[in-house]
Structures are given as C-alpha cells and as structure tokens.
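The values are calculated or read from the model by the stated rules, or taken from the named source; none is laboratory data. Keep in mind the model is a prediction, meaning the values are calculated, not measured. Glycine gets a Cβ as well: all are built from the backbone with ideal geometry, and neighbour counts include every protein chain shown. We work out accessible area using only protein heavy atoms, side chains counted, and drop any ligands, DNA or RNA first. Shrake-Rupley method; radii C 1.70, N 1.55, O 1.52, S 1.80 Å.
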Amino acid sequence: MLLKTRAVPCAIALVATVLALSSCSGSGDSSPCGPPVEKSSGRTWTCTFADDFDGTALDPSKWQVTSTAAIGFTQSAGECYVDDPQHVKVAGGLLTLEATRLPAPEPCGPLTTPYRSGMVFSKDRFAQTYGRFEVRAKLPRGVGFQPALWMYPQDLAYGRRSGEIDIAESFGAADTVSPHIHMRDAAGVDHPQGANCHVADPSGGFHTYTAEWTASSIRFLYDGVPCMTVSDWHPRPPLVFPQPFDKPFFVLLQLGLGYSANAPTPSTPFPGALQIDYVRAWK
C-alpha cells in the first residue's frame, strides 16, 4: 500500500474549511490531495476534497451512512445497508465497508434478508460538476460481491434521466474492473456505456481508480493506465449533449451484492470487505 501524503501544518491559523481544501504556504508544503497532479495540457488540478480516513470515525462533514431502514434503499440481491461499527468502520487509516450473511433472514427496514452491508455517500456534503475524482481501494474477491465506487447527481435536475457515473465496479471477477456511464430515457430504459479493464489482483492490494470528467468527455484510468474514454454519449430528447453530465455529482462508496450470474451462493466467502485508503477530488 502506498504511503499517503499528508498536508504540512501552516504557521498561521486558517479557517478549518480552508485548511481542508487548500495548500499551506511556504516551500515544501503540499495539498491535502497529495502532490500536484498535472493535466495533459500541462495545467495543474486544484484540490477540492480529500479524506484519508485517519481518525476512528467517519467525518460527518464529508460523509453520510446509508441505512435501508431509514430510506428504504435496496439492491437487486436484497442486501440491507446498516449503520453500525461492524459494517461501516474507520481504523488504521482505512474506511472498511463489510458485507455479512446471517444464519437466517431477518427484518431490516422494508426487507427480510440475511444480508447486511455498508454504504456511505457525500450527498449534501460534497458535490462537483467536472473535475478529477480518485479513489484508492482494495476490492473483495468472490462471486456475489459487487463493490462500487460511483457518482450520482446531487439534484435530479433531469428526473430519472439525470445520469450516473461508475468510476469502478467489480462483479466477482478476479482481475476485471469496470467503469460505466448510465443514462435513462423517458420510459426509464437504461442506455449504459462501459468497459471491462484488467487490474492485477484488485483484491490482493490497493489500486487507484480515477475519473476525469469534462464538458466533452469522461476518461477512466486505473493505476494511471487509461481504461475507457467516453465522448460520444447521446442523451435522449429533449436532453442535448453534454446533458445529463453537466450538473454536480456526489460520491458513493458501496459494497453491494450481485444478482443473476453474480448472485451470492453458499460458497460466497462472507464476510467480505471493501477497504478505502483515500478519496480525493480536484477541479
């Protein structure tokens, strides 16, 4: 696992939000997002969000924990998202989202299911239109697990057609990770674009998953290697390009369970864990 770059404290006290998002003055100081990241144009991205999960609890100024009992959220495999220290925990510089299977189904909000898992998102805390979004993570291995590092609109300006950006998603495969963009038409039919990209042992170590999003393209890189670039999405009328990808999106980190060919089986190695080393964003 790569060492994280820490911000050097400034000698002059600044407002806490400024400390969180801007570099300290003086030579040798660095941004909370680590060393400067250059764009292909030679310009440098500016850090807008960073969390290295250094404490012993999730930072409530940056994240909310999803609870199925509170919001009625469910997935295809029927996993129930819970807010407890087993399924969502911060320790040792990592955020860990854990999925478990109970001996028998139990009520969980609107569901009765044996599956419990963890999910957090930055809705109402951090959302941004365009920029560079990066998550360094170790994914679980095994049929049945479907971890997702993704983005969703802060406000559904276009209703069900407001779009979705999946930075990285795994479907139980040992060495394949997938980015996607999703668009729905007025009837709710999804029109995704995606790819399957090789990542060497995504469950054996930490890898860096990145999306660079502009008004004309969305580029996905895994460990710095280009995976997919989409510049030709075709929104259904009355939307026009670059809609719906022209509004602020927030970040979601989720250990979901799969369905169909990737549904959990008796041999699925529960508990499974999605570990997040850091989340960073730039504009």
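Some values worked out for this structure:
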{"read-out": "Criterion: of a type in the set (S, T, N, Q) and in contact with a Lys or Arg (Cβ under 6 Å, 6 or more places away or on another chain) - qualifying residue of Thr210, Thr229, Thr214", "value": "Thr229"}
{"read-out": "In segment 76-116, the residues that are outside any strand (DSSP E or B) and either in contact with a His (Cβ under 6 Å, 6 or more places away or on another chain) or surrounded by fewer than 19 Cβ atoms within 10 Å (Cβ to Cβ) (or both)", "value": "Ser76, Gly78, Asp83, Asp84, Pro85, Gln86, Gly92, Gly93, Gly109, Pro110"}
{"read-out": "Hey, Val279 open to solvent by less than 30 Å² (accessible area, probe 1.4 Å), among the aliphatic types (A, V, I, L, M) and either within 15 Å of the chain's Cα centre (by Cα) or on the phi > 0 side of the Ramachandran plot (or both) or not", "value": "yes"}
{"read-out": "Residues that are closer than 18 Å to Asp232 by Cβ and either crowded, with 21+ Cβ neighbours inside 10 Å or among the β-branched types (Val, Ile, Thr) (or both), drawn from segment 171-180", "value": "Pro179"}
{"read-out": "Qualifying positions in segment 222-268 - within 30 Å of Lys62 (Cβ to Cβ), among the aromatic types (Phe, Trp, Tyr) and touching a residue at least 60 places away in the same chain (Cβ under 8 Å)", "value": "Phe245, Phe249, Phe250"}
{"read-out": "Thr96 being over 25 Å from His207 (Cβ atoms), modelled with pLDDT of 95 or more and of a type outside the set (A, V, I, L, M)", "value": "no"}
{"read-out": "Elements of type strands (runs of 3 or more DSSP E) contained in segment 216-274, each with 1 or more residues being open to solvent by 80 Å² or more (accessible area, probe 1.4 Å) and closer than 17 Å to Thr176 by Cβ", "value": "225-230"}
{"read-out": "Every residue from segment 24-63 that is polar (S, T, N, Q), surrounded by fewer than 18 Cβ atoms within 10 Å (Cβ to Cβ) and either in a loop (DSSP other than H, G, I, E, B) or at pLDDT 90 or above (or both)", "value": "Ser25, Ser27, Ser30, Ser40, Ser41, Thr46, Thr56, Ser61"}
{"read-out": "Residue list for segment 181-196, filter: open to solvent by less than 20 Å² (accessible area, probe 1.4 Å) and at pLDDT 95 or above", "value": "Ile181"}
{"read-out": "Per-region count, segment 150-170, residues farther than 18 Å from Gly194 by Cβ, open to solvent by 30 Å² or more (accessible area, probe 1.4 Å) and either without any contact (Cβ under 8 Å) to a residue 40 or more places away in the chain or assigned to a strand (DSSP E or B) (or both)", "value": "3"}
